[in-house]
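Novice: Quick one: this structure, given as structure tokens, is what I'll be asking you about.
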Amino acid sequence: MTQLFPRCYKTRMAPTPSGFLHLGNVFSFIITRSMARHTGASMLLRIDDIDRDRVKPEYVTDLFDTLHFLGISWDEGPRTAEEYYRDWSQLNRLARYQQVLRQLRGTGAAFACDCSRADLHRAGIESGCVSDCRRRKIALDTPGTNWRIATDHQQTVCINNPDGHVSAHVLPASVKDFIVRKKDGLPSYQLVSLVDDVDFGIDLVVRGHDLWPSTLAQVYLANLLGIETFPVAKFVHHPLVNGPGGVKLSKSAGDTAIRNLREQGFTREQVLEMAIKSADPAGLAFPL
Ligand SMILES: [Zn+2]
């Protein structure tokens with residue numbers, strides 16, 4: 001099948017250990033593994049753990065248990081929870097992320113935002129800046145502020161699809177003025193994901209449709225930083241696994257947590273089949 005797709009160098013699975021792995025995660029792993037095979041790419045296991053409020057040790061343990069149970073292999077990255085904590089946690093790379101934040105500061109594109117959760121709640125939105133922080137030019141060193149990118153929604157972001165087609169888009173409202181540094185001083189998911197993909201040489205990104213706005217934000221950020229490798233990477237956005245009634249699965253969806261399915265006696269083959277069937281692979285542009 002490799003003739004259908006251009007040769008790629010490296011892709012990655014990038015789970016966040018903020019819940020027990022469920023069928024949706026497994027479906028994403030299967031597709032990533034499949035795309036790696038089709039393109040000849042090697043596979044990195046990256047654990048997105050920068051969001052300290054959500055990550056728990058039992059979820060890290062579950063992640064390795066589940067990957068080993070399913071027989072999903074990878075070529076680079078931690079083999080065990082111990083290796084992950086010691087060598088691969090994103091917390092080990094904070095100096096690198098801070099370096100990029102300093103670079104961003106130099107571009108003049110970042111602004112500090114002191115909007116609180118209460119401000120957002122009053123405005124009836126979940127994220128974004130609801131005040132005129134952009135115009136107020138709050139000092140970036142002000143404690144307790146988010147750093148946001150002053151996004152331009154007229155600017156075009158180009159995305160490379162695996163079939164060679166390049167599509168042009170503008171940033172959706174959901175990533176307007178997206179955050180690059182959080183109030184606690186830690187880098188945001190958007191920044192960390194981009195920097196890791198660049199530093200680890202990822203040129204094939206496979207992720208769920210729900211991360212489409214993040215893809216656009218990250219390519220936008222790469223353009224801002226003058227990073228040329230990331231915008232030319234290939235991007236694949238796959239369908240999501242839906243729970244009963246078409247509801248999006250959350251990690252609290254215990255019914256589809258792999259550990260629960262294992263306790264009920266489901267085999268590796270049955271779990272893999274359930275994951276594939278749950279996500280309507282008929283909608284995919286390539287065979288699994
Ligand atoms: Zn604000």
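Read-outs: derived from the displayed coordinates by stated rules, not from any lab. These numbers come from a predicted model, not from an experiment. In this analysis, Cβ positions are derived from the backbone assuming ideal geometry, glycine residues included, and neighbour counts consider all displayed protein chains.
Novice: Pull up all non-local amide H partners of residue 42: gap of 5 or more, or a different chain, and H-to-H distance under 5 Å with H placed in the peptide plane.
Specialist: Sorted by chain and number, the residues that satisfy this are 10, 11.
Novice: Sticking with this structure for a sec: What distance in nm separates the two pseudo spin-label positions at residue 174 and residue 89, each 7 Å out from Cα along the beta-carbon direction?
Specialist: Each label point is offset 7 Å from its Cα along the Cβ direction, giving 3.0 nm.
Novice: Which of 194, 270, 127 sits closest to the plus end of the dipole of the chain, meaning its Cα is farthest towards the positive end, when Lys and Arg get +1 and Asp and Glu get -1 on the C-beta?
Specialist: It is 127, whose Cα lies furthest towards the positive end.
Novice: Here's a follow-up. With each pseudo-label sitting 7 Å past Cα toward Cβ, what's the residue 268-residue 80 distance in nm, one decimal?
Specialist: A separation of 2.0 nm, rounded to one decimal place.
Novice: What longest range of the chain stays clear of loop-exposed GluC sites (Glu not before Pro) (DSSP non-H/G/I/E/B, at most 14 other C-beta within 10 angstrom)?
Specialist: Answer from the scan: 1-125.
Novice: Which trypsin sites (Lys or Arg not before Pro) in the stretch 114-167 pass both tests, a DSSP loop state and at most 10 other beta-carbon atoms within 10 Å?
Specialist: Those satisfying the criteria are 137.
Novice: For the stretch 100-249, rounded, prolate or oblate, judged on the Cα gyration tensor with a ≥ b ≥ c (square roots of eigenvalues), a/c < 1.5 rounded, else prolate if a/b > b/c?
Specialist: Oblate.
Novice: Also: Under 8 Å for C-alpha pairs, at least 6 residues apart: give me the relative contact order for the chain, rounded to a whole percent.
Specialist: Reported as a whole number, the value is 23 percent.
Novice: Further, regarding this structure: How much length, in nm to one decimal, is gained on full extension between residue 260 and residue 131, taken as 0.36 nm per residue of separation minus their Cα-Cα distance?
Specialist: Computed gain between residue 260 and residue 131 is 42.0 nm.
Novice: Going down the list 137/176; 56/182; 183/277; 234/277, which pairs span over 29 Å between their C-alpha atoms?
Specialist: 183/277
Novice: Sticking with this structure for a sec: Among rounded, prolate and oblate, which fits the chain when a ≥ b ≥ c are the square roots of the eigenvalues of its C-alpha gyration tensor, a/c under 1.5 means rounded, and a/b larger than b/c means prolate? Before the final figure, lay out the partial values.
Specialist: Numbers: a/c = 1.68, a/b = 1.44, b/c = 1.16.
It is prolate, given that a/c is not under 1.5 and a/b is the larger ratio.
Novice: Can you tell me the FRET efficiency between residue 139 and residue 54 if r is taken as the Cβ-Cβ distance and R0 is 25 Å, rounded to the nearest 0.05?
Specialist: Efficiency for this residue pair is about 0.30.
Novice: Is the stretch 76-182 best put as rounded, prolate or oblate by its Cα gyration tensor, with a ≥ b ≥ c the root eigenvalues, rounded for a/c under 1.5, and otherwise prolate when a/b is larger than b/c, oblate when not?
Specialist: Because a/c hits 1.5 or more and a/b fails to exceed b/c, the stretch 76-182 counts as oblate.
Novice: If you don't mind, another one. In debye, nearest 20, what is the charge dipole magnitude of the chain about its Cα centre with +1 on Lys and Arg Cβ and -1 on Asp and Glu Cβ, if you could check?
Specialist: 580 debye
Novice: If the only charges are +1 at each Lys and Arg Cβ and -1 at each Asp and Glu Cβ, what is the size of the charge dipole of the stretch 11-156 around the Cα centre, to the nearest 20 debye?
Specialist: Numbers: 20 positive and 18 negative charges, 122 e Å.
That gives the stretch 11-156 a dipole magnitude of about 580 debye.
Novice: I'd like the antiparallel share, as a percent to the nearest 5, of DSSP beta bridges with both residues in the chain.
Specialist: 50 percent
Novice: Okay, moving on. If you take every residue apart from residue 104 with its C-beta less than 11 Å away from the C-beta of residue 104, what net charge results, scoring Lys and Arg +1 and Asp and Glu -1?
Specialist: +4
Novice: Once both labels are modelled 7 Å past Cα along the beta-carbon direction, what's the residue 9-residue 209 spacing in nm?
Specialist: Those two pseudo-labels are separated by 3.2 nm.
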